[in-house]
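Bear in mind these aren't lab numbers, they're just calculated from the coordinates by the rules spelled out. For clarity, every value in this text was computed on a predicted model and none was experimentally measured. Glycine also receives a Cβ, built like all others from the backbone with ideal geometry; neighbour counts cover every protein chain displayed.
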Amino acid sequence: MKPRKAKTLTLARKLVAASIEGGEPTSRRVDAVLEFLGRRPMAERKALLGAYLKMMRREEALRTLSIERAGTLDETSRATLVGGMGEKSGKPLIVTEKETPALLGGLKVRLGDDIYDASLKGILDRLGAHGNI
Amino acid sequence: MSDILTKIESEIASLGTGIARSNTGKITSIADGVARIEGLSKVMSNEMIEFPRGVYGMALNLEEEEVGAVLMGDVTGLKEGDECKTTGRLLSVPVGKALLGRVVNVLGAPVDGKGPINCTETLPVERIAPGILPRKGVDQPVQTGVMAIDAMIPIGRGQRELIIGDRQTGKTTIAIDTIISQARINREGEKSGDPDFRPIYSIYVAIGQKNSTIARTIRTLEKADAMDYTIVVIAPASENPANQYIAPYSGCAMGEWFMEHGMDALIVYDDLSKHAVAYRQISLILKRPSGREAYPGDVFYLHSRLLERSARLDKDNGNGSLTALPIVETQAGDVSAYIPTNIISITDGQIFLVTDLFNKGIRPAISIGISVSRVGSAAQIKALKQVAGKVKLQMAQYRELEAFAQFGSDLDARTKATLDRGARLVELFKQPNGAPKKVATQVALLWAAQNNYFDKIPVKNIVAAANHLDQYLQANAASVLAGIAKLKKLDDALTAELKAAVEGWLQGYDVKSA
């Protein structure tokens, strides 16, 4: 028999999948999921809601492309970057942008757990770690 | 100025460091040297993970929602929410001859205050053991310098010989004496200029011991000038259980470098009982299912994959070897406990040390009856085989009849002879710590004992007589000892010379003297 925690996680995963329509979570579907959860026994509901929230946050993180740049980024480059990352993830992306002078140059892109560091600071840090400077 | 900056930037750009990709996660909880991490979706099993403030960890548990990693180093600065990232590589340690003479931690960083170590190569701590085909049979001896072992439980290069016994029975002493003996042999061999001489390099892995004990061991090795051929890897009890878990594998990687480069190495794991306890602690914190005595189900694999990496390789693979001397501590002499029986079934023999013998003054306190070397005389030089071939049987017969020793006057001549010979052999095998005997000396002493030259000497004076004979031979018959060391067997001429030397000694020796 599966332990209770594993059952909760399995059901939460199914609920997350059920919340997604057209490749992204929709308000209509999430409402339906919450209504379903409202009918569950109280003891189960809290654990399920907690797991569901955690997974939805993770789902959001996997769709969020955060771009940190030292200077400006022209539209063409932005579009190429967003398009490429969108193709890589296979999901519609939420794009956030931030200017971070500490990067010195270039940019640093984060999508989900993955960080792609093409900044000047990152290059210098890596060179320093290898003892080249 | 901007031109200068542009030049520097293009120089940096030309180094081709490109884009670095890393997979990150956040610490959700951290306790007892184990961190649970959310994220790290692309981490691999046993991959090294980098935490803030120069702390490294190893991913052990890959679960659907989180990753469990053991931490190495000072974790006091880490907290929930700290970000960590994968490094894309397995945990590796520096290897090479530059480590000889140094004391290092489990990551290969020096802790002896003698400056950095210039190693150019690294090896992963977790590696697959050599397969069947690259191996060769064990046929070269490791001279421990402990006569009881070299004569009756001989160890060969590439063998795994377990040293097992209760606390304070002399287990570490045997291992350290072996290292000291090897260092002395190495020095003499290198001085002789013999092109066929193969030194043995030693690695001592201290797992879960007190810092004071480790310091004492290092001092002993330094005093005996053995550190030049030794690497000491330490994971004391004050460190994380993760360090204690990784330490034997780190040491093994260092030993494997010697083996794979055609050299011979000896590694001591002191001790694997504490290693199993550290692994149990990590596994319980990681919520892995526990089995017998709360050990995780793969505690056998923990040691089997470590000890299988010790081997003798054939000529096509460099002809190197890694000999392992794992140490296990028993409780109240119980050799049928879980961890001891696991390791007994893995190793190629065991040396049992018994508290009763130790307390009676028989040191090393080796129980010959239950000690065994599965390699046997294949790992002995011919000379030792010639003189020590019957010793184990004689000792067994002595033990059987020992209870009758109190009836000395009522026994037949044969029984009395067996008892007399056995008692003298027991005395002959007594040896102080830190005083390994050369193999030529062992051959000479055993030859003298087997040819009745000690029969007239009272049992209580045998130790002194043996020392006296050793000194006499070194002063007056050094050529005989040199001949035994060179020829490695006792031919007629050498036997005659040895006989003359021993008779000469006996004539001038007062058999009643203490």
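Each label point was placed 7 Å from the Cα along the Cα-to-Cβ direction; for B:Ala475 and A:Ile20 their separation is 8.9 nm. Taking a straight line from the alpha carbon of B:Lys210, these lysines sit under 21 Å away, with near neighbours fewer than eight places off in the same chain left out: B:Lys171, B:Lys223, B:Lys274. So how strong a dipole does the protein assembly as shown carry about its Cα centre when Lys and Arg Cβ are +1 and Asp and Glu Cβ are -1, to the nearest 20 debye? Its charge dipole is roughly 1200 debye. For the stretch B:115-160, the relative contact order comes to 31 percent (Cα pairs under 8 Å, sequence separation of at least 6).
If R0 equals 56 Å, the separation of the Cβ atoms of B:Val335 and A:Lys54 corresponds to a calculated FRET efficiency of about 0.70.
Structural descriptor for chain B: relative contact order 15 percent, calculated from alpha carbon pairs under 8 angstrom and at least 6 residues apart. Remark on the stretch B:368-514: Rg and Dmax equal 15.7, 47 Å (Cα only).
Taking Cα centre as origin and charging only the Cβ of basic (Lys, Arg, +1) and acidic (Asp, Glu, -1) residues, the dipole magnitude of chain B rounds to 1240 debye. With neighbours defined as other Cβ atoms within 10 Å of a residue's Cβ, the residues B:Ile343, B:Ile231 order from fewest to most as B:Ile343, B:Ile231. Helices assigned as whole DSSP H runs in chain B whose Cα atoms extend at least 27 Å along their own long axis and whose mean Kyte-Doolittle hydropathy is -0.5 or higher are found at B:241-260. Convex hull volume per residue, computed on the Cα atoms of the protein assembly as shown, equals 213 Å³.
If you take the Cα centroid of the stretch B:438-463 and the Cα centroid of the stretch B:199-222, the two points sit 33 Å apart. Under a no-solvent Debye model with one identical scatterer per Cα of the stretch B:71-201, what's log10 I(q)/I(0) at q = 0.11, 0.15, 0.19 Å⁻¹? These q points yield log10 I(q)/I(0) values of -0.66, -1.10, -1.37.
For the stretch A:65-133, the percent of C-alpha pairs falling in each 10 Å distance bin, counted from 0 to the bin holding the largest distance, reads 20, 47, 25, 7, 0.
Orientation-averaged projection of the stretch A:1-124 equals 10.2 nm² [convex hull of Cα atoms, one quarter of hull surface area]. Comparing B:Ile179, B:Gly483, A:Ala118 along the charge dipole axis of the protein assembly as shown, the residue lying farthest to the positive side is B:Ile179, per the Cβ-charge model. Note on the stretch A:3-61: Cα Rg divided by 2.2 N^0.38 Å, N the number of residues, gives 1.06.
Each residue, B:Arg53 and A:Glu87, gets one label point 7 Å from its Cα in the Cβ direction; the gap between the two is 4.4 nm. For chain A, lysine pairs with C-alpha atoms less than 22 angstrom apart, excluding pairs fewer than eight positions apart on the same chain, total 19. As a length-normalised measure over Cα pairs under 8 Å and 6 or more apart, the relative contact order of the stretch A:63-129 settles at 42 percent.
Relative to its Kirkwood radius, the Cα radius of gyration of the stretch B:286-419 gives an Rg/Rh of 1.09. Within chain B, the ratio Rg/Rh, alpha carbon atoms throughout and Rh by Kirkwood, equals 1.06. By the Kirkwood approach, averaging reciprocal distances over each pair of separate Cα atoms, the stretch B:168-284 gets a hydrodynamic radius of 14.9 Å. If R0 is taken as 45 Å, the Cβ-Cβ distance between B:Val459 and B:Asp316 corresponds to a FRET efficiency of 0.30.
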